[in-house]
Amino acid sequence: MKLFVLFALVAVAACQYVPGSDKEAQIVKNLYEAAVDNSFVTDVETSNGILVKAYGESLPGPEPETGTSRQSGSYQYVAPDGQTIRVEWEADERGYRATSDVIPEGADGRAAATGEQQF
């Protein structure tokens, strides 16, 4: 369920509206592979320039229904002003962290010397 929620959030973030480009957009690549070691990879591309890539693994805990997952990936889209926006992200037991040229430094209220944004 956590994995589905994360994919939904990434998909919503990646699907920014660019007038005239989304109506006829087609999915040109839709790869999803789950391995027996609880890892996965997904790679999606649309004809209007949206790219989504994610990699991850599920780590079991000591009790049923416990554990954690580690995921990383990126998404890219073309903003209405024509700028290509790319965000790289990680999500694990420390939370969600995104890095991008479009995320202001210190957007979390702290000086972010690394340019890394944590939510």
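Since every read-out is calculated from the coordinates, none of them should be taken as a lab result. Bear in mind that the values here come from a model prediction, so they are computed numbers and not experimental data. Positions of Cβ are generated from backbone atoms using ideal geometry, with glycine treated the same way; all protein chains shown enter the neighbour counts.
Side notes on the structure shown:
- Here is the tail figure for region 18-76: Cα pairs spaced more than 18 Å apart come to 49 percent of all pairs.
- Förster-model FRET efficiency, 25 Å R0, N38 and V102, C-beta, rounded to 0.05: 0.15
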